[in-house]
Structure formats: C-alpha cells, structure tokens
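Reading through the structure tokens given below for one structure.
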Amino acid sequence: MNSNEALKLDNQICFALYACSREMTKLYRPMLEKLDLTYTQYVTMLALWEQDHVSVTTLGSKLYLDSGTLTPLLKKLEAAGLLTRTRDRSDERSVIVELTEQGKALKEKAVDIPAQLACKIEGTPEDASILLGQIRELLHRLQHSSTKE
C-alpha cells in the first residue's frame, strides 16, 4: 500500500473500530433508555452483576476507565440508588462498590438486551463468536505492544 493509500481514513483500523463503537452504542441507546442507563453505565452494571463488592480500582481496570471518568459515573449510579460506595475498613484509601437491591433487580430488566442487539445486527451466534475472538486478540496485541514501550 502506498503512502497516500495508507493515510486514507477508510484504511485506518482505529477509525473502523471507532465508527463501529459509535454505531454499536447508538443501537444500544433505545434499549438502555428503558433502563435509564447510558452505555457506560450499562457496562459498569454488567461488570458489577458479574462481580459485586469490588474496589473502584478493580472496577476501573476491568472497564478500562480511569478514576476521573469512573468516579462521576459511580456517583450518578449511586444517586439513582443502584449502588453504594464505601471506604474499605481495612484500607481507607480504597473505595468498595456494591450493588443495592435495586441495582441487583435491574439485571432482570436487562437480561434480554444481548438477544435484542443480536437481532438488530442480523448476525449468527457463530459470527458473533468469531468477531469477539478477533477483537479480544486485537486487544491482547494492543496491550502487549503498549507494555513494550
């Protein structure tokens, strides 16, 4: 590929991923509005439904979010009554995030979202599995390359 082709926007992996992410988030929006969640709040809730009672640091690592992004997000979810944040008794520097009963109950309302999304993108479960594997492999490569620097 010559340098002019290499610099075309449509030939950038990063832009294709960025555009896909925006479109995917747009597909989620009407489903998440019914739960009164943004996409970032939704993935935070997914992480907490998977593992409750975690530190903000652990949660941030899982979500690839820094504390400057995560803290206001958690404050909004706490104000909505979905979780609590408390100082860890054994380490005052650490804040523990825990779902409330309301936060746990929201999981039942969200359970159909993955299937609804699958219908919207008209892919097979096999297609989704292959794509997810490729994206995870790319993420692994990106993480590995960033540790080399």
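The values are calculated or read from the model by the stated rules, or taken from the named source; none is laboratory data. Only a predicted model underlies this, so the values are computations on that prediction, with no experimental measurement involved. All Cβ positions, glycine included, derive from the backbone under ideal geometry; neighbour counts span all protein chains shown.
Given the structure, is residue 106 within 18 Å of the chain's Cα centre (by Cα), buried (at least 17 other Cβ atoms within 10 Å of the Cβ), over 19 Å from residue 117 (Cα atoms) and not assigned by TED's automatic domain parsing to the domain that holds residue 117?
So residue 106 fails the test.
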Residue 47 fails exactly one of (1) over 17 Å from the mean Cα position of the chain (by Cα); (2) surrounded by 11 or more Cβ atoms within 10 Å (Cβ to Cβ), namely (1)
Across (1) closer than 21 Å to residue 135 by Cβ; (2) over 16 Å from the mean Cα position of the chain (by Cα), residue 61 clears everything bar (2)
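Which of the residues spanning the range 120-131 are surrounded by 10 or more Cβ atoms within 10 Å (Cβ to Cβ), free of Cβ contacts under 8 Å to residues at least 12 places away in the same chain and over 18 Å from the mean Cα position of the chain (by Cα)?
Hits for the range 120-131 are 123, 127, 130.
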Might you check whether a residue that is of a type in the set (A, V, I, L, M), in contact with a Leu (Cβ under 6 Å, 6 or more places away or on another chain) and part of a helix (DSSP H, G or I) occurs anywhere in the range 126-149?
-> no
Could you check, for the range 102-109, whether at least one of its residues is among the basic types (Lys, Arg), farther than 17 Å from residue 14 by Cβ, modelled with pLDDT of 95 or more and touching a helix residue (DSSP H, G or I) at 6+ places or on another chain (Cβ under 7 Å)?
-> yes
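Conditions tested, residue by residue: (1) in contact (Cβ under 8 Å) with a residue 40 or more places away in the chain; (2) surrounded by 11 or more Cβ atoms within 10 Å (Cβ to Cβ); (3) over 18 Å from the mean Cα position of the chain (by Cα).
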residue	(1), (2), (3)
79	no, no, yes
87	no, yes, yes
90	no, no, yes
94	no, yes, yes
99	yes, yes, no
111	no, no, no
118	no, yes, no
133	no, no, no
145	no, no, yes
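Can you list the helices (runs of 4 or more DSSP H) found entirely within the range 34-113 that contain at least 1 residues being touching a Cys at 6+ places or on another chain (Cβ under 6 Å)? Before you say what the answer is, go through the steps one by one.
Details: elements: 39-50, 56-63, 67-79, 101-110.
Fully inside the range 34-113 and qualifying: nothing.
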Given (1) assigned by TED's automatic domain parsing to the domain that holds residue 83; (2) surrounded by fewer than 13 Cβ atoms within 10 Å (Cβ to Cβ); (3) polar (S, T, N, Q), residue 57 misses just (2)
